[in-house]
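What follows is a short report on a single structure.
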Amino acid sequence: MSIASSLLLGDEVLNDGTCLNSFLAATCICQPATPTTPPRRGVLAAIGNTPLIKLEHLSAFTGCTILAKCEHLNPGGSVKDRAALYMIEQGERAGELQPGSTIYEGTGGNTGVGLAMVAAAKGYGAVLAMPASIAQEKIDAMQTFGAQVLLTPSVPFTSPEHYFHRAREGAAADPKGYWCNQFDNMENYNSHYTGTAPELWAQSQKTVTGFVVACGTGGTLAGITGYLKEQDRNIQCYLADPHGSALFDYVSHRDDDGTKDEEGGSRCKQEHVGGETVTFIPRDTGNSVTEGIGIGRVTKNFAASYADIDGAFKIEDKDAIEMAYFLKEKEGVYVGPSAALNVVAAVKLAQKMGKGNTIVTVLCDGGARYKSKLYTKSWLETKGFVLMGSKERNRLQWLGRDE
Ligand SMILES: Cc1ncc(COP(=O)(O)O)c(C=O)c1O
């Protein structure tokens, strides 16, 4: 619209020559109030139905629509609230959880916060075992809800000191103990298959053509992949993996038999651990500052959609860290390192699939949980990371192109 015709319509012209109404139409998001839903039944009914947002700058950069499911806005602050609620309610339905019961779990942190919140709201005790390296903010959150926290050394899964075994054994020794086992409990998968995935499919108006996310237990990846592939087999479902994990190799070398050693035997080892046969995959040699993601064994949740995964990206920590700061500074989105890594992977999938696609990923948890680590520059420097300047970061050239 020309300035002259806009003036005829009563539009005020701003100093830079733009028209006020056109400017507002292009930038303002807030809308008049719409009728609200009635009060929900307690905080647990507020889990799920999280917003799906378009990341505007990254969408413009890639020529795709990059969507992010805001799981950090769940009441316990992460995607793991969903699995926590589903696992506990399944325990109740099965009669394994009764008044006076105590919930036990081995957790990378967020499942612990979700379980502590659900346990508090439902009146159960909670004992949560986790590696001592976990962010203090997550430990504080669990203790705030009254959970007992057991810190374990960072040891291999086969060690009885590993947090997984400490939780399992704690529950076995407690007559009123209930072990959730998020890695192999398919209620974790179900919480995404029946919750997160149908929500994002409907919110995107069935436009999603690509999906990518990292794995801690595999529940989010497998549950969403399972649902999306049922809607449309052509939707590309990808894994994002940090260094130090095993899944990138496990997924990306399926076709050329990369899981075989030089003699043709399997590189994966099966071992008997705690009464179960566990398949271990050789881990990548590096390590990562991300928390809650990356695994070295085949969990039941991950296995559920393994055959449907179309490919994998290995994401560098330095890119995830720059993305965390980019999201904060340019998109106004304050999230943790696994969420930032997922967004890097969403850009890579957009670049791989080409312009016009709609890619969705998950913002697993919020940034406040990592204030003392990811968002403390001196801590980053102790890990060998020096951030680029914000001008350079915001130009996004560091994201390059994935040929
Ligand atoms: C911060 C964070 N991101 C991602 C994940 C991975 O989710 P999932 O267990 O569904 O694979 C977790 C799991 O604990 C997590 O804590």
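Coordinate-derived values only; no laboratory data. In this text the structure is predicted, and so the values were computed from the model without any measurement. Cβ sites come from the backbone with ideal geometry, for glycine too, and all protein chains shown count toward neighbours.
Expressed as a rounded percentage, what relative contact order does the stretch 301-360 have, with Cα pairs under 8 Å and six or more residues apart?
Across the stretch 301-360, relative contact order equals 28 percent.
Quick one: of 69/300; 122/373; 300/377; 138/269; 269/300, which pairs are farther than 26 Å apart, Cα to Cα?
122/373; 300/377; 138/269
Determine ³J(HN,Hα), in whole Hz, for all residues of the stretch 207-214 in sequence, where each value follows from phi through the Karplus function 6.51 cos²θ - 1.76 cosθ + 1.60 and θ = phi - 60°; x replaces Gly and Pro.
Here the 3J(HN,Hα) series is 9, 4, 10, x, 9, 8, 7, 8 Hz.
R0 = 45 Å: FRET efficiency of residue 60 with residue 136, Cβ-based, nearest 0.05?
It comes out at approximately 0.75.
For each of 215, 28, 180, count neighbouring Cβ atoms within 10 Å of the residue's Cβ, then give the residues from fewest to most.
28, 215, 180
Using a cut-off of under 13 Å, list every residue of the stretch 143-180 whose amide N is near the label point 7 Å from the Cα of residue 120 along the Cα-to-beta-carbon line.
Residues passing the 13 Å test: 143-148.
Based on Cβ point charges of +1 for Lys and Arg and -1 for Asp and Glu, what charge dipole magnitude is obtained for the stretch 80-179 about its Cα centre, in debye rounded to the nearest 20?
The dipole magnitude comes to about 100 debye.
Placing +1 at every Lys and Arg Cβ and -1 at every Asp and Glu Cβ, with all other atoms neutral, what dipole size does the chain have around its Cα centre, in debye to the nearest 20?
I would put it at about 580 debye.
Taking only DSSP H segments of four or more residues, each worth -39500 (n - 2.57), what value at 222 nm results for the chain once the sum is divided by all its residues, to the nearest 500 deg cm²/dmol?
The helix contribution divided over the chain gives -10000 deg cm²/dmol.
In the stretch 99-176, what percentage of the DSSP-assigned beta bridges are antiparallel, given to the nearest 5?
0 percent
Between the DSSP loop rule and a limit of at most 13 other Cβ atoms within 10 Å, which trypsin sites (Lys or Arg not before Pro) in the stretch 23-93 are left?
Loop-located and lightly packed - 40, 41.
Can you sort 130, 388 so the residue with the fewest Cβ neighbours within 10 Å comes first?
Ranking 130, 388 by Cβ neighbours within 10 Å, fewest first, gives 388, 130.
Scan around residue 152 for amide H atoms under 5 Å from its own, H built in the peptide plane at 1.01 Å from N, and keep only partners 5 or more places away or cross-chain.
Answer set, sorted by chain and number: 130, 132.
Could you tell me the center-to-center distance, by alpha carbons, between the stretch 27-105 and the stretch 115-180 in angstrom?
The two parts, judged by their Cα centres, are 22 Å apart.
If amide H atoms are built 1.01 Å from N in the plane of the peptide, which residues on other chains or at least 5 residues away come under 5 Å of the amide H of residue 179?
104
Work out from phi, with θ = phi - 60° and the Karplus expression 6.51 cos²θ - 1.76 cosθ + 1.60, the ³J(HN,Hα) of each residue of the stretch 136-142, listed in order in whole Hz, and give x for Gly and Pro.
With the stated coefficients, the stretch 136-142 comes to 4, 4, 6, 4, 4, 4, 5 Hz.
Note down the nm distance, to one decimal, between modelled labels 7 Å out along Cα→Cβ at residue 89 and at residue 392.
4.9 nm
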